[in-house]
Amino acid sequence: MTASSASVPATGPAMKLRPRARLAVAAGRIVAWASRVVHFGTGSVIGGRVSLLIDKNLLAELTASRDVAIVSATNGKTTTTKLLSTALGSNRPVVSNWLGANMTPGIVAALASANPTDTAVLEVDERWVDPVLRATNANTVVLLNLSRDQLDRTQEVRKLAEQWRSALTATPPNVVLANADDPLVTWAALAAPNVIWIATGQEWTADASGCPACSGRIDFVDGSWACTSCDLQKPTIDVAVTEDGISLQGKIFRAPLALPGRVNRVNAAFALAASSALGADLNQAFDALDDVTEVAGRYRVATFNGTNIRLLLAKNPAGWHEALELLEGPSTPLVIAINARIADGHDPSWLWDVAYERVGDRLVIAIGERRHDLAVRFRYGNINHSVADSLEDALALIRQSPDFDTSVPIDVASNYTAFQDHLEKVGGVL
Amino acid sequence: MTSTPPTNRAESAVRIVSLYPDLLGTYGDGGNALVLSRRLEWRGIEVEHISVDAGAPVPDSADLYLVGGGEDGPQVQATRELDQSQGLHRAVDKGAVVLAVCAGMQILGHTFPDATGTSRSGLGLLDCETVRVDRPRAVGELLTTNARLTTAHGVVELGQLTGFENHAGRTIPGPTSVSLGAVEVGEGNGDGSEGVVTGTVVGTYLHGPALARNPRLADALLEWIVGPAVMIPLHDPDVDALRTERIAAARDHELAPRRSWRDILRRS
Ligand SMILES: [Zn+2]
């Protein structure tokens with residue numbers, strides 16, 4: 001693993017920090033250690049919070065003498081952060097928070113233990129782009145997509161696009177890498193002086209039909225898009241993601257990558273283009289990406305209760321749109337798990353925006369705390385389904401199915417907290 | 001405000017229109033169209049469902065119109081386009097049934113607040129006014145006591161209505177409207193009632209979507225159009241299980257946060 005993370009031992013780098021910042025880092029470490037001892041998790045976030053209480057400017061200080069790249073999105077930011085860390089790691093030391101602690105406290109905790117000149121690749125929550133950009137003066141900003149996620153607690157996607165736009169205006173980075181097929185991202189990124197536009201071929205456009213610039217209507221035609229009322233339109237692209245690979249700087253980097261699906265070709269395209277903007281050699285960076293076979297447990301293949309399973313994460317309609325690409329085709333049964341805890345959003349009515357019908361004739365077992373919501377969705381989709389109380393029970397049902405095929409892993413696709421539960425069952429993050 | 005049941009049903013499919021799903025479809029509203037279509041198909045009744053995006057002409061000859069929830073900006077745009085088109089108004093004059101959810105209900109009333117809180121004229125198809133109130137958004141499970149709907153075929157008992165609500169306005173039903181039911185858990189209209197019904201136009205704050213969780217409401221809307229004779233009972237064990245679980249969750253005040261330490265640490 002080329003990227004270091006928040007769990008680096010607290011030996012401490014030789015950093016020229018002010019005494020207050022040194023105290024803040026030390027206090028954060030002690031609290032994080034105490035938190036780990038009582039099994040509250042990695043402790044990085046609570047440690048970071050304590051550090052920031054002592055020195056609220058700590059993030060600026062910790063990033064003063066290093067290159068910083070920020071990665072934000074509704075979907076794919078953890079994976080892209082990991083891919084970019086790996087691509088850059090092919091020729092320099094990198095520090096990252098790719099385990100998903102993606103607000104200022106988690107970022108501070110990840111950076112506090114690293115060498116002060118290591119390049120930082122930071123996954124940043126969509127709502128935290130402005131404060132993190134201001135504090136770090138990041139020179140590279142990767143903006144993947146914006147779509148509906150957890151509407152009962154987060155802001156409307158349009159407001160997030162406005163926040164991104166004003167963040168890029170207030171603190172212009174050297175380069176922004178932006179999704180040219182996402183009108184919300186495009187409008188936000190146009191505020192930056194230098195943008196590398198990536199054609200992702202994104203098919204999910206349901207959250208961007210209203211123009212972010214003028215509230216007019218966006219028309220999507222033949223792989224392009226334009227507002228019918230103002231001059232906002234798909235920009236001229238620099239990088240393209242195609243069926244057989246990634247085309248940039250006149251070269252084609254051939255798929256497949258180790259990570260499956262079109263969505264990961266997109267994530268890899270952003271990682272490659274960003275690593276090149278930061279001075280990495282493209283061929284070396286592309287080769288490094290093959291070492292990434294899972295990201296924080298996503299795509300992990302593991303044996304659980306004697307059955308091979310593959311863990312997939314999908315937490316909103318846009319994410320499911322991509323995940324279903326991997327789930328349509330085979331005939332083996334699969335498991336879908338939905339929770340609606342605070343981290344998932346309490347309102348799973350978005351299940352009706354997902355075309356679960358794409359799984360075809362496969363038997364689907366619904367589990368998770370909102371398995372009955374799923375079952376009703378499947379019933380109205382005329383999808384062959386059953387309900388089980390746990391992953392164990394679901395796999396027991398599947399082993400009895402005539403379509404059970406021991407030669408392929410059973411896909412277990414889950415939303416956020418359900419995924420974390422399943423990851424813990426198979427041994428947690430490697 | 002006539003509610004004449006269309007005749008010669010057997011000769012043509014039930015026509016359902018989802019209005020402006022590109023502007024108003026935030027809370028899984030497409031689910032309502034799917035539920036209605038399937039409940040007709042399972043009874044052997046032909047159905048024709050179309051989605052009409054903003055900018056396209058609104059047909060006035062369908063039997064049932066669905067208007068979903070949405071954000072502030074699209075809500076205003078949808079109102080402007082529906083007002084210009086007048087297709088929905090003509091359809092209602094001819095007796096079409098309408099189900100409008102959340103923002104959809106608000107814009108069908110006489111007035112509703114826009115993003116800045118300024119009161120705007122609605123479409124006037126529902127006798128109600130929605131005003132901004134100085135209190136936090138109503139977000140959470142919404143449960144009514146036994147609800148009912150008066151259709152062309154008499155009073156239909158809907159049982160308890162269950163759903164999720166997420167809205168800021170308070171809706172005041174006018175003298176020519178009735179509510180669907182009384183609120184047991186949640187906010188609803190804000191005065192202890194939930195939903196507004198004016199003639200054949202039904203508004204509700206319930207999503208989840210509403211008809212997936214409340215099959216009797218779905219069937220009442222369909223029966224309004226096709227008559228009771230063809231509405232043979234359906235066996236809904238998945239729906240029954242969901243209703244039982246959600247009604248219990250609402251009564252347990254599930255959203256009074258059930259957050260564990262583990263969740264908080266994971267998130268952060
Ligand atoms: Zn525009």
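The values are calculated or read from the model by the stated rules, or taken from the named source; none is laboratory data. Just so it is clear, the model here is predicted, and its values are computed rather than measured. Heads up, the Cβs are rebuilt from the backbone with ideal geometry, glycines too, and the neighbour counts pull from every protein chain shown.
Quick check on the range A:144-154. Is at least one of its residues of a type outside the set (S, T, N, Q) and within 25 Å of A:ALA87 (Cα to Cα)?
Scanning the range A:144-154 turns up at least one residue that is of a type outside the set (S, T, N, Q) and within 25 Å of A:ALA87 (Cα to Cα).
Could you tell me how many of the residues in the range B:20-45 are touching a strand residue (DSSP E or B) at 6+ places or on another chain (Cβ under 7 Å) and either away from every other protein chain (no Cβ under 14 Å) or within 24 Å of A:PHE378 (Cα to Cα) (or both)?
Adding up the residues that qualify gives 13.
Look at the range A:200-236 and say how many of its residues are among the charged types (D, E, K, R), part of a loop (DSSP other than H, G, I, E, B) and within 9 Å of the ligand (Cβ to nearest atom). Steps first, answer last, please.
From the range A:200-236, those among the charged types (D, E, K, R) are A:203, A:207, A:217, A:219, A:222, A:231, A:234; that's our starting set.
Going one step further and asking which of them are part of a loop (DSSP other than H, G, I, E, B), we end up with A:203, A:207, A:222, A:231, A:234.
Subset that is within 9 Å of the ligand (Cβ to nearest atom): A:231.
Looking only at that region, the number is 1.
Inspect the range A:357-380 for any residue being among the aliphatic types (A, V, I, L, M) and within 8 Å of chain B (Cβ to nearest Cβ) and give the result as yes or no. If you could, list the steps in order and put the result at the bottom.
Keep residues of the range A:357-380 that are among the aliphatic types (A, V, I, L, M), which gives A:359, A:363-367, A:374-376.
Within this subset, residues satisfying the condition of being within 8 Å of chain B (Cβ to nearest Cβ) are A:375-376.
Scanning the range A:357-380, I find at least one residue that is among the aliphatic types (A, V, I, L, M) and within 8 Å of chain B (Cβ to nearest Cβ), so the answer is yes.
Search the range B:161-196 for residues being of a type in the set (A, V, I, L, M, F, W, C) and surrounded by 22 or more Cβ atoms within 10 Å (Cβ to Cβ), and hand back the single one that is nearest to the other protein chains (Cβ to nearest Cβ).
Result: B:PHE164.
Looking at A:ILE410, A:ILE398 in this structure, which one is of a type outside the set (Phe, Trp, Tyr) and in contact with a Phe, Trp or Tyr (Cβ under 6 Å, 6 or more places away or on another chain)?
On the way: A:ILE410 fails: in contact with a Phe, Trp or Tyr (Cβ under 6 Å, 6 or more places away or on another chain).
The conditions single out A:ILE398.
Mind checking which residues of the range B:82-110 are polar (S, T, N, Q) and either surrounded by fewer than 24 Cβ atoms within 10 Å (Cβ to Cβ) or under 16 Å from B:PRO21 (Cβ atoms) (or both)?
Once the filter is applied, which keeps residues that are polar (S, T, N, Q) and either surrounded by fewer than 24 Cβ atoms within 10 Å (Cβ to Cβ) or under 16 Å from B:PRO21 (Cβ atoms) (or both), the range B:82-110 yields B:GLN84, B:SER85, B:GLN86.
Could you list, in sequence order, the residues of the range A:202-229 that are more than 25 Å from B:GLN77 (Cα to Cα) and either touching a Phe, Trp or Tyr at 6+ places or on another chain (Cβ under 9 Å) or crowded, with 17+ Cβ neighbours inside 10 Å (or both)?
A:GLN202
Could you grab the pairs with beta carbons closer than 6 Å, sequence gap of 6+ or different chains, first residue in the range A:213-224 and more than 11 Å from chain B (Cβ to nearest Cβ), second one near the ligand (Cβ under 7 Å from one of its atoms) and assigned to a loop (DSSP other than H, G, I, E, B)?
Taking only residues 6 or more apart or on different chains, the pairs are A:ALA213/A:CYS230; A:ALA213/A:LEU232.
Considering every residue within the range A:396-411, establish whether at least one is closer than 20 Å to A:ARG341 by Cβ and either surrounded by fewer than 14 Cβ atoms within 10 Å (Cβ to Cβ) or out of contact with any Pro (no Cβ under 8 Å at 6 or more places or on another chain) (or both).
So far as the range A:396-411 goes, no, none of its residues is closer than 20 Å to A:ARG341 by Cβ and either surrounded by fewer than 14 Cβ atoms within 10 Å (Cβ to Cβ) or out of contact with any Pro (no Cβ under 8 Å at 6 or more places or on another chain) (or both).
Condition test on A:ALA296, is it within 14 Å of chain B (Cβ to nearest Cβ), away from the ligand (no atom under 16 Å from the Cβ) and not charged (D, E, K, R)?
yes
If I filter the range B:44-65 for residues that are touching a residue at least 40 places away in the same chain (Cβ under 8 Å), within 21 Å of A:ASP207 (Cα to Cα) and not aromatic (Phe, Trp, Tyr), do I get at least one hit?
No - not one qualifying residue is present in the range B:44-65.
For the range B:113-160, enumerate the residues that are within 14 Å of another protein chain (Cβ to nearest Cβ), surrounded by fewer than 16 Cβ atoms within 10 Å (Cβ to Cβ) and of a type in the set (Val, Ile, Thr).
The one that is within 14 Å of another protein chain (Cβ to nearest Cβ), surrounded by fewer than 16 Cβ atoms within 10 Å (Cβ to Cβ) and of a type in the set (Val, Ile, Thr): B:THR116.
Give the range A:401-414 a look and list any residue that's more than 14 Å from A:ASN305 (Cα to Cα) and out of contact with any strand residue (DSSP E or B) (no Cβ under 7 Å at 6 or more places or on another chain), or say none.
Matches in the range A:401-414: A:SER401, A:PRO402, A:ASP403, A:PHE404, A:ASP405, A:SER407, A:VAL408.
If I ask for residues that are crowded, with 24+ Cβ neighbours inside 10 Å and either over 18 Å from the mean Cα position of the chain (by Cα) or at pLDDT 95 or above (or both), which ones from the range A:293-310 would you list?
A:ILE309
Mind checking whether some residue in the range B:131-139 is farther than 19 Å from B:ASP191 by Cα, in contact with a Lys or Arg (Cβ under 6 Å, 6 or more places away or on another chain), not hydroxyl-bearing (Ser, Thr, Tyr) and not in a loop (DSSP other than H, G, I, E, B)?
The first filter runs over the range B:131-139 and keeps only residues farther than 19 Å from B:ASP191 by Cα, leaving none.
Within the range B:131-139, not a single residue is farther than 19 Å from B:ASP191 by Cα, in contact with a Lys or Arg (Cβ under 6 Å, 6 or more places away or on another chain), not hydroxyl-bearing (Ser, Thr, Tyr) and not in a loop (DSSP other than H, G, I, E, B).
Against the definition (away from chain B (no Cβ under 14 Å), within 18 Å of A:TRP98 (Cβ to Cβ) and either out of contact with any strand residue (DSSP E or B) (no Cβ under 9 Å at 6 or more places or on another chain) or within 16 Å of the ligand (Cβ to nearest atom) (or both)), how does A:ALA258 come out, yes or no?
For A:ALA258, the condition - away from chain B (no Cβ under 14 Å), within 18 Å of A:TRP98 (Cβ to Cβ) and either out of contact with any strand residue (DSSP E or B) (no Cβ under 9 Å at 6 or more places or on another chain) or within 16 Å of the ligand (Cβ to nearest atom) (or both) - is met.
Which count do you get for residues in the range A:380-420 that are free of Cβ contacts under 8 Å to residues at least 60 places away in the same chain and of a type in the set (D, E, K, R)?
2
Could you check A:PRO183 against (1) surrounded by fewer than 17 Cβ atoms within 10 Å (Cβ to Cβ); (2) within 15 Å of the ligand (Cβ to nearest atom) and say which number it fails?
(1)
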